[in-house]
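Data block below; observations after.
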Amino acid sequence: MFVHQTSLAVPSAMESMSKLYGLTPGELRVLAAVSEFDGISAVADAVGISQATVKTHLQRVFAKTGTNRQTELIKLVAAHAGPLRRQ
């Protein structure tokens with residue numbers, strides 16, 4: 001008999017989405033900020049990029065995820081944040 005410690009490694013919502021949708025690190029940072037902040041200017045300030053760059057990343061994330069609005073992205077992130085997600 002072999003005894004070893006096991007762990008339940010559940011990826012975060014952002015990790016799951018990054019792999020599933022092929023998001024770049026920049027797109028992922030913007031997506032994470034959109035989940036926390038309201039508005040393009042707040043996201044730009046939080047990430048440290050221009051509003052135009054936030055909009056570009058958002059358009060690419062929309063295209064990759066099949067969404068059209070920030071609220072749809074928030075719902076998608078929530079759907080990937082299962083009850084076993086590590087904090």
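The values are calculated or read from the model by the stated rules, or taken from the named source; none is laboratory data. As the structure is a prediction and not an experimental result, all values here were calculated from the model. No Cβ is skipped: glycine too gets one built from the backbone with ideal geometry, and neighbour counts run over all protein chains shown. Please note that ligands, DNA and RNA were not included when accessible areas were found on the heavy atoms of the full protein model with its side chains. Shrake-Rupley method; radii C 1.70, N 1.55, O 1.52, S 1.80 Å.
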- request: For ALA79, work out the one condition from (1) of a type outside the set (Lys, Arg); (2) surrounded by 12 or more Cβ atoms within 10 Å (Cβ to Cβ); (3) assigned to a helix (DSSP H, G or I) it doesn't fulfil.
  value: (2)
message: Return the residues of the range 30-42 that are touching a residue at least 12 places away in the same chain (Cβ under 8 Å), under 21 Å from SER16 (Cα atoms) and not polar (S, T, N, Q); say none if nothing qualifies.
response: VAL30, LEU31, ALA32, ALA33, VAL34
Among (1) modelled with pLDDT of 95 or more; (2) open to solvent by 30 Å² or more (accessible area, probe 1.4 Å) - the single one VAL43 does not satisfy: (2)
Cβ-Cβ under 6 Å pairs, at least 6 apart or on other chains, the range 65-79 side under 17 Å from PHE37 (Cβ atoms), far side among the β-branched types (Val, Ile, Thr) and surrounded by fewer than 18 Cβ atoms within 10 Å (Cβ to Cβ): LEU73/THR67
